[in-house]
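Participant: Mind having a look at this structure? Questions to follow.
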Amino acid sequence: MAVPHLSMLISKLQNLSTSDHSSVVSMNLFVALLLACIVIGHLLEENRWVNESITALLIGICTGVVILLISRGKSSHLLVFSEDLFFIYLLPPIIFNAGFQVKKKQFFVNFSTIVLFGAIGTLVSCTIISLGATQFFKKLDIGTLELGDFLAIGAIFAATDSVCTLQVLNQDETPLLYSLVFGEGVVNDATSVVLFNAIQSFDLTHLDSSIALHFLGNFFYLFFASTMLGVFAGLLSAYIIKKLYFARHSTDREVALMMLMAYLSYILAELFYLSGILTVFFCGIVMSHYTWHNVTESSRVTTKHAFATLSFVAEIFIFLYVGMDALDIEKWRFVSDSPGTSVAVSSILLGLLMLGRAAFIFPLSFLSNLAKKNQHEKISLRQQVIIWWAGLMRGAVSIALAYNQFTRSGHTQLRANAIMITSTITVVLVSTVVFGLMTKPLIRFLLPHSSKQTTSMLSSEPTTPKSIIIPLLGQDSVDDLVIQDIRRPASIRDLLTTPFNRHTVHRYWRKFDNAFMRPVFGGRGFVPFVPGSPTERNNNVQWQ
């Protein structure tokens, strides 16, 4: 009796070792592809058409073709797609680094417009896409789709790709466009995920006004609670590092505490069913304003590059996998008998996507311009066209939500579901490659002198982790920046022609920040009571 059991055990161990070996081989190949993407992306860095996300996408497609040929049509990717892999491990470092590196002044000056685009605009876009899909898809007879599926389609394709925006737009060359498009992308992603979760949780068979009010209240609660959780995590990290002064013993502890606190905020948000995207984004903003200035010079350099590197690798990982997953033979097998239907569905979705975005960008930009008195801060028609175009790209968030809605245990079991998965992949590929390729030339065509025009705007930007030179110049330079930032108007005419928030809200926030926040949480310009603190002013406190 022992011999059969022993043979079965040996067989299981052999299968296990084979499985482990194949996993190791797959990981090695994937890491090699990541390295290839970095090298090729570097060689094409100055190219006006191609960016690193498109490079990774194309390499993923080519790799998928090779794997298909080697496996004789059985598989096209090395790793199995997982929503957990994307939402828990890959997305947090990208969004956190974006908040950590963002120019805070430019972001908060345009905060009302960003929320207008990201929240109201997403609802408008979702509504148009859902209504359009309901009308057109029923005529195509793609299969059985319920009301919840059509609403989910609206939420899926309303999610812009903030990752690709980081690759296409430049924060230094076009600060206004970057601030609006990327800020909208962050709020948009959070809104799309909240919409998607609400669609799955509500009973859509009995629609009434109470459900709409409950949904609206739930959205505002999620937005506020997620933001406050991120702010709390950032302030807690600043207070701990300021009080305990970790670098007296080890700089590594400072870096580790910042990384783990940022990740903890994201995990806590997911645990309490909040928006982890908003939480980790605002955690990054608060850390860059307080925590980053409480650490040593070496920790500043380390955190700046560590966060940027993690974000960079995660971005390439996502686009590389999307490229390989686009050729997954299992999904395309369901639609092989009617390729025209799949092409028609993809074309309709692209058209609805463009229409839905135009339906809110231009009207909401008009409303935003009415509230701005300074002509230089209004969004011109050319800038509106760029904002509309740059936000058409769809990426991993759309794919992750589509997998959640239209697959069961990672597999498509119905023809309608398979068509929606393949159409989502097609839309992501076309929008990323075509719209992504054309964005840089479009900016240079519509705004040929944007880099020259923004030079003066960037000179008054407060210090951020994007630049580590200014904090080391001494306090006089920092004070000059602060004074320049909150200077009083010279005349009544200057006061009337200058935006309201620059001379009221921003100045009062500066006073509140200097009087209450920085004495508690540290930050730039604050002299702590702990001897040997990393922050300094007028050379009274020296680095240890």
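Participant: Gln167 versus (1) modelled with pLDDT of 75 or more; (2) closer than 27 Å to Ile316 by Cβ: which is the lone unmet condition?
Facilitator: Status for Gln167: all satisfied but (1).
Participant: How do the pairs read when you match residues in the stretch 304-328 that are closer than 19 Å to Leu68 by Cβ with residues anywhere that are open to solvent by less than 10 Å² (accessible area, probe 1.4 Å) and not in a helix (DSSP H, G or I), using Cβ under 7 Å and keeping only pairs 6 or more apart or on different chains?
Facilitator: Within 7 Å, the pairs are Met324/Ser76; Leu327/Ser76; Asp328/Ser76.
Participant: To continue, here is another question. Select the helices (runs of 4 or more DSSP H) contained entirely in the stretch 93-183, then report the ones holding at least 2 residues which are among the β-branched types (Val, Ile, Thr) and under 30 Å from Thr341 (Cβ atoms).
Facilitator: In the stretch 93-183, 121-140, 147-157 are the helices (runs of 4 or more DSSP H) which contain 2 or more residues that are among the β-branched types (Val, Ile, Thr) and under 30 Å from Thr341 (Cβ atoms).
Participant: Hey, another quick one. Yes or no: Ala247 at pLDDT 90 or above and either part of a helix (DSSP H, G or I) or among the hydroxyl-bearing types (Ser, Thr, Tyr) (or both)? Give the steps one after another, and end with the answer.
Facilitator: Working: at pLDDT 90 or above: no; either part of a helix (DSSP H, G or I) or among the hydroxyl-bearing types (Ser, Thr, Tyr) (or both): yes.
Criteria not met by Ala247.
Participant: Return yes or no: is Phe312 open to solvent by 50 Å² or more (accessible area, probe 1.4 Å) and either out of contact with any Phe, Trp or Tyr (no Cβ under 6 Å at 6 or more places or on another chain) or among the charged types (D, E, K, R) (or both)?
Facilitator: In short, yes.
Participant: Test of understanding: among Thr55, Thr113, which residue is within 22 Å of Phe435 (Cβ to Cβ), at pLDDT 85 or above and of a type in the set (Val, Ile, Thr)?
Facilitator: Thr113
Participant: Is at least one residue of the stretch 182-192 modelled with pLDDT of 75 or more, in contact with a Ser or Thr (Cβ under 8 Å, 6 or more places away or on another chain) and aromatic (Phe, Trp, Tyr)?
Facilitator: Yes, because at least one residue in the stretch 182-192 is modelled with pLDDT of 75 or more, in contact with a Ser or Thr (Cβ under 8 Å, 6 or more places away or on another chain) and aromatic (Phe, Trp, Tyr).
Participant: Moving to a separate point now. In the stretch 228-254, what residues are surrounded by fewer than 23 Cβ atoms within 10 Å (Cβ to Cβ) and under 17 Å from Ile94 (Cα atoms)?
Facilitator: Answer for the stretch 228-254, where residues must be surrounded by fewer than 23 Cβ atoms within 10 Å (Cβ to Cβ) and under 17 Å from Ile94 (Cα atoms): there is none.
Participant: Ala390 passes all but one of (1) among the small types (Gly, Ala, Ser); (2) surrounded by 14 or more Cβ atoms within 10 Å (Cβ to Cβ); (3) at pLDDT 90 or above; which number fails?
Facilitator: Failing condition for Ala390: (3).
Participant: Among the residues that make up the stretch 278-291, is at least one of them over 19 Å from Lys103 (Cα atoms), modelled with pLDDT of 85 or more and crowded, with 16+ Cβ neighbours inside 10 Å?
Facilitator: no
For every residue, the table says whether it meets (1) crowded, with 23+ Cβ neighbours inside 10 Å; (2) small (Gly, Ala, Ser); (3) closer than 17 Å to Thr127 by Cα.
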position: Pro339; (1), (2), (3): no, no, no
position: Ile348; (1), (2), (3): no, no, yes
position: Gly351; (1), (2), (3): no, yes, yes
position: Pro363; (1), (2), (3): no, no, yes
position: Glu377; (1), (2), (3): no, no, no
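Participant: Determine which single condition Gly64 fails, assuming it passes every other condition in (1) modelled with pLDDT of 80 or more; (2) open to solvent by 30 Å² or more (accessible area, probe 1.4 Å).
Facilitator: (2)
Participant: Output the residue which, of all residues in the stretch 116-150 that are open to solvent by 40 Å² or more (accessible area, probe 1.4 Å) and of a type in the set (Val, Ile, Thr), is nearest to the chain's Cα centre (by Cα). Walk me through it before giving the result.
Facilitator: Residues of the stretch 116-150 open to solvent by 40 Å² or more (accessible area, probe 1.4 Å): 116, 120, 123-124, 127-128, 131, 135-136, 138-141, 143-144, 146-147.
Next, only the ones that are of a type in the set (Val, Ile, Thr) stay: 120, 124, 127-128, 144.
Details: Ile120: 18, Val124: 20, Thr127: 22, Ile128: 23, Thr144: 33 Å.
Step by step, filter the stretch 116-150, then rank; the result is Ile120.
Participant: What is the residue count in the stretch 441-468 for residues that are part of a helix (DSSP H, G or I) and at pLDDT below 80? If you could, list the steps in order and put the result at the bottom.
Facilitator: To start, the set of residues in the stretch 441-468 that are part of a helix (DSSP H, G or I) comprises 441-446, 450-453, 455-459.
From what's left, at pLDDT below 80: 450-453, 455-459.
Here the count works out to 9.
Participant: Next question. Given the residues Leu310, Leu274, Leu367, which is the only one that is over 21 Å from the mean Cα position of the chain (by Cα) and not β-branched (Val, Ile, Thr)?
Facilitator: It is Leu367.
The values are calculated or read from the model by the stated rules, or taken from the named source; none is laboratory data. Only a predicted model underlies this, so the values are computations on that prediction, with no experimental measurement involved. Don't worry about glycine lacking a Cβ; one is built from the backbone with ideal geometry, like all the others, and counts go over all protein chains shown. Each accessible area value is taken on the protein alone, full model and side chains, heavy atoms only, with ligands, DNA and RNA left out. Shrake-Rupley method; radii C 1.70, N 1.55, O 1.52, S 1.80 Å.
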